[in-house]
Every structure is written in C-alpha cells, then in structure tokens.
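Remarks on the structure that follows.
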Amino acid sequence: IPSSELYNQKFDGMLITGAPVEQIEFEDVDYYDEFCQIQEWSKTNVTSTINICWASQAALYYHYGIDKEQLNQKCFGVFSHQIVHKKEPLFRGFDDTFYAPHSRHTKINDVDIEENPDLDVLAFSKEAGATIIASKNRKNFFVTCHLEYERMRLDAEFKRDLDKNLDIQIPKNYYPHDDINEIPNLSWRMASQLFYSNWINYYVYQESPYIIDQIGNYHQEGN
C-alpha cells in the first residue's frame, strides 16, 4: 500500500525485502529517505520487523550507524550456518546448523555487530559472516541471507549475469558437482519454513499488543 496510507495504520509484523542496489551508497538510493521514514514509523507501529539482504544493511546503518563494506568477490551460493543462541524461539525445531542462500556484493563487519550492545548475532556462517542479527528487544531482525528463495533463484541470477558478461562465479554448494546443467540442490526449505513460522508465532502474534475487531480494525488490548 502507498506509504501515505501506511503511516496511519498499525501492523503485527512487517518484512522489508532486499534490492540489487547494495553497491550504491545508501544515501544515493532513490528511495532511501522513504526507507528511513518507514524504519522510524515501524518503531511505534509494528510489533516485529524482518529486514532482508540490502534492507538489513540499510536498517543497520539507519538505526545503529553500521556501514557496509564492499566484497572482493560476490558472496554467492548456499552456506552452512551455526546457531549461536540455541534457546532463541526463532530457531525452535532447528538442528544445530542449517543452510541458506546468499547473493550480495557487500557485507557488514562482524566486529561492528558484536561490539554493539544493542544487537545480538543469532546465526553465523564461517563463509558468509553474521547472517541473522536481532535487536535486544527483538523488534527488529536483520537477515543477510535469502531463506525465502526458491530452488531455481540462484540459477536465474547466475545465468542472468552470464548473459550480461559480468564477472560471476558459479554459486557455491548449489549445483551437484558444480554442473550448471544439473538441477540445483534444495537444502534450506525446512529451515525457511521453521524460521518464518517461528517468527510469526513467537515474535508477531504472541507479542502483538493489538487485537482485530470483526470489521478488521486494530485496537490495543484492554481498549
């Protein structure tokens, strides 16, 4: 919905997706000012927000002044992740490790995250760095991977860049035997389903201070 209408409403949860603009300075992105307005509005109008990929970097920059860094080579492929906070409800039902796709040219410095007292690293990859980060109050999650990707998404991105004659490497741990003619492995579906269902259950509906009446209007509980 248009942002002018959005500002007068309250929501249980919100997801802000990524965009292929991570190599552009935040302030030079056409809609960065509007992005900041939405981030500020979400502090009081949204129970919990997930920021994905570029949105996670931009949100960390807006809220905490943590800037991104250019990678020498694109972080591209499917990587193993270690859960740091194993008792976090977000990971209920997870194994100790899980897989998730990444596709980005920039990163957040892990030290900047770890040294910030208002942030927790919830999941980490040796190859891809801090992957799932949360604010202490769990109102904001910053996800640098793409658990929402379908099986063929990295394949489409890879072949798109090949067609453009860009310098792109085969996505790691994706095609069987690194053969681009084979069907890619899908190794993150269960983690994806658990992640989003846990977020909706434990951080959205169980934490939301609002109820919906019979005609769809929001009210604070007790009113």
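Given the Cα-Cα distance of D179 and R92 and 0.36 nm per residue of separation, how much length would full extension add, in nm?
Between D179 and R92, full extension yields an extra 27.9 nm.
Would you work out what percent of the accessible area of the chain, with all protein chains in place, is carbon or sulfur (probe 1.4 Å)? List each step's numbers first, then the result.
Values: 5600 of 12120 Å².
C and S fraction of accessible area: 46 percent.
Provide the FRET efficiency to the nearest 0.05 for the I168-S80 pair, computing r from the beta carbons and using R0 = 25 Å.
Computed FRET efficiency for I168 and S80: 0.70.
Taking 22 Å as R0, compute the FRET efficiency from the Cβ-Cβ separation of S197 and K136 and round it to 0.05. Display every interim value, and only then the final one.
Details: r = 23 Å, r/R0 = 1.05.
Once rounded, the FRET efficiency stands at 0.40.
Between rounded, prolate and oblate, where does the stretch 46-115 land on the alpha carbon gyration tensor, with a ≥ b ≥ c its root eigenvalues, rounded for a/c under 1.5, else prolate if a/b exceeds b/c?
Judged from the Cα gyration tensor, the stretch 46-115 comes out oblate (a/c at least 1.5, b/c at or above a/b).
What's the angle, to the nearest 10 degrees (0 to 90), between helix 153-163's Cα axis and the longest principal axis of the chain?
That helix lies at roughly 50 degrees to the long axis.
Place a +1 charge on the Cβ of each Lys and Arg in the stretch 127-168 and a -1 charge on the Cβ of each Asp and Glu, then give the dipole magnitude about the Cα centre in debye, rounded to the nearest 20.
The calculated dipole for the stretch 127-168 is roughly 400 debye.
Short version: ³J(HN,Hα) in whole Hz for each residue of the stretch 102-115, in order, from phi by Karplus 6.51 cos²θ - 1.76 cosθ + 1.60 (θ = phi - 60°), x for Gly and Pro, what are they?
10, 7, 7, 9, 10, 9, 9, 5, 4, 5, 4, 6, 5, 8
Taking only protein heavy atoms into account and a 1.4 Å probe, give the accessible area per residue of the chain in Å².
Numbers: 12120 Å² over 223 residues.
Per residue, the chain has an accessible area of 54 Å².
What number, rounded to the nearest 500 deg cm²/dmol, is the helix-based mean residue ellipticity at 222 nm of the chain, given -39500 (n - 2.57) per DSSP H run of at least four residues and division by all its residues?
Estimated from H runs of four or more residues: -7000 deg cm²/dmol.
Label points 7 Å out from Cα along the Cβ direction at K126 and D33: separation in nm?
Modelled inter-label distance: 4.7 nm.
In the stretch 1-141, what percentage of the DSSP-assigned beta bridges are antiparallel, given to the nearest 5?
75
Applying 1/(1 + (r/R0)^6) with R0 = 30 Å to the Cβ-Cβ distance of N109 and W41, what FRET efficiency is obtained, to the nearest 0.05?
E(calc), rounded to 0.05, equals 0.60.
In the stretch 128-160, whose amide N lies under 12 Å from the spot 7 Å out along Cα-to-Cβ of L186? List them in ranges.
Residues 149-153 fall inside that zone.
The values are calculated or read from the model by the stated rules, or taken from the named source; none is laboratory data. Since the model is a prediction, treat every value here as computed from it, not as a measurement. All Cβ positions, even for glycine, are placed from backbone atoms using ideal geometry, and neighbour counts span all protein chains on display. SASA here: full protein model, heavy atoms, side chains in, ligands and nucleic acids out. Shrake-Rupley method; radii C 1.70, N 1.55, O 1.52, S 1.80 Å.
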